[in-house]
1. Note the angle between two axes, namely the Cα long axis of helix 160-175 and the longest principal axis of the Cα atoms of the chain, as a number of degrees from 0 to 90, rounded to the nearest 10.
2. Gain in length, K13 to K204, computed as 0.36 nm per residue apart minus the alpha-carbon separation, to one decimal in nm?
3. Based on DSSP H runs of at least 4 residues, each adding -39500 (n - 2.57), what is the mean residue ellipticity at 222 nm of the chain after dividing by all its residues, to the nearest 500 deg cm²/dmol?
4. Quick one: accessible surface of S21, probe radius 1.4 Å, all protein chains present, in square angstrom to the nearest 10.
5. Take R124, R196, R215, R133 and sort them by solvent-accessible surface of the protein heavy atoms, 1.4 Å probe, largest at the top.
6. What does the C-alpha gyration tensor say about the overall shape of the stretch 33-89? Classify as rounded when a/c is under 1.5, otherwise prolate if a/b is larger than b/c, or oblate.
7. Per residue, how much accessible area does the chain have with a 1.4 Å probe, in Å²?
8. With a cut-off of 19 Å, note down the residues of the stretch 152-183 whose backbone N falls inside the zone around a label point 7 Å from the Cα of H118 toward its beta carbon.
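The values are calculated or read from the model by the stated rules, or taken from the named source; none is laboratory data. Quantities reported herein were computed from a predicted structural model and do not represent experimental measurements. Please note: Cβ atoms are built from the backbone with ideal geometry, for glycine as well, and neighbour counts cover all protein chains shown. Each accessible area value is taken on the protein alone, full model and side chains, heavy atoms only, with ligands, DNA and RNA left out. Shrake-Rupley method; radii C 1.70, N 1.55, O 1.52, S 1.80 Å.
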Amino acid sequence: MIIASNVTKQFGKLKALDDVSTTCNKGECIALIGPNGSGKTTFIKCILGMVVPDSGFITFKDKNILHHWKYRDGIGYMPQIGRYPDNMTIGQVLDMMKDIRNKKTALDEDLIKAFSLHNLLNKRMRTLSGGTRQKVSAALAFLFDPAVLILDEPTAGLDPVAAESLKEKIIAEKEKGKLVLITSHVLSELDDLVTRIIYMQEGKLLFNKTIEALRHDTGEDKLSKAIASVMTGLTPNLSSKERKF
Ligand code: ADP
Ligand code: MG
């Protein structure tokens with residue numbers, strides 16, 4: 001569904017993405033993980049067309065996305081930091097997005113219900129806590145029933161109940177055959193969610209493995225342990241502190 005081929009992006013001297021290639025298929029839930037600044041958000045923004053690679057290319061359903069935008073109809077995006085007009089209410093933001101997307105088929109309001117956003121429609125965006133803002137971003141990502149969901153650190157700032165609702169929703173959508181791309185620092189919450197792990201470091205893909213392969217290769221069931229085990233193998237000189245997630 002999405003193919004990235006030798007994608008490279010430099011900001012000044014810094015190589016934010018260094019020859020990144022991968023394929024993402026429907027029905028997969030792919031976790032993009034790696035330390036801060038390793039290029040996860042930049043990679044996501046390349047897929048969305050918000051950052052243009054210096055070299056390499058990305059295709060969406062076999063078409064190069066360069067200079068195209070229509071394909072974005074098929075993507076729901078939850079940004080790491082959602083920015084909204086301060087003076088608009090939640091209700092106005094939802095209505096504005098519905099107007100812009102102009103989707104004729106039914107909307108998916110599951111998360112609006114799960115997060116009880118109906119009770120907050122008159123609240124202005126500037127007055128919202130970080131967590132409530134995240135709920136609005138999550139609800140918007142799923143609202144238009146897109147074939148691809150791209151979620152950048154989705155549970156950061158969410159309370160445990162909301163995080164669990166979101167996780168259930170992600171699993172349900174993946175089982176419907178959607179493609180979910182998710183970045184997260186909290187490995188424990190990815191355990192029964194993801195089908196594949198892409199680990200990035202300094203703009204490079206360090207490894208790209210299915211969960212089965214990862215568990216088989218490491219003999220570890222828990223994701224955090226399996227990844228720590230791969231990392232230890234790749235970088236034997238890491239101190240135990242650096243290995244911790
Ligand atoms: P991650 O999401 O993995 O934490 P990012 O993709 O946000 O990492 O950032 C990768 C690197 O690229 C960081 O060093 C960041 O400072 C840099 N970077 C990202 N966007 C820009 C930009 N627009 N201009 C300059 N540097 C940027
Ligand atoms: Mg990021």
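1. Between the helix axis and the principal axis of the chain, the angle is about 80 degrees.
2. This chain segment gains 67.2 nm when fully extended.
3. Helix-only estimate at 222 nm: -9500 deg cm²/dmol.
4. Counting only protein heavy atoms, the figure is 50 Å².
5. Final ranking, largest accessible area leading: R124, R215, R133, R196.
6. oblate
7. On a per-residue basis, 51 Å².
8. Residues 162, 165-166, 169 fall inside that zone.
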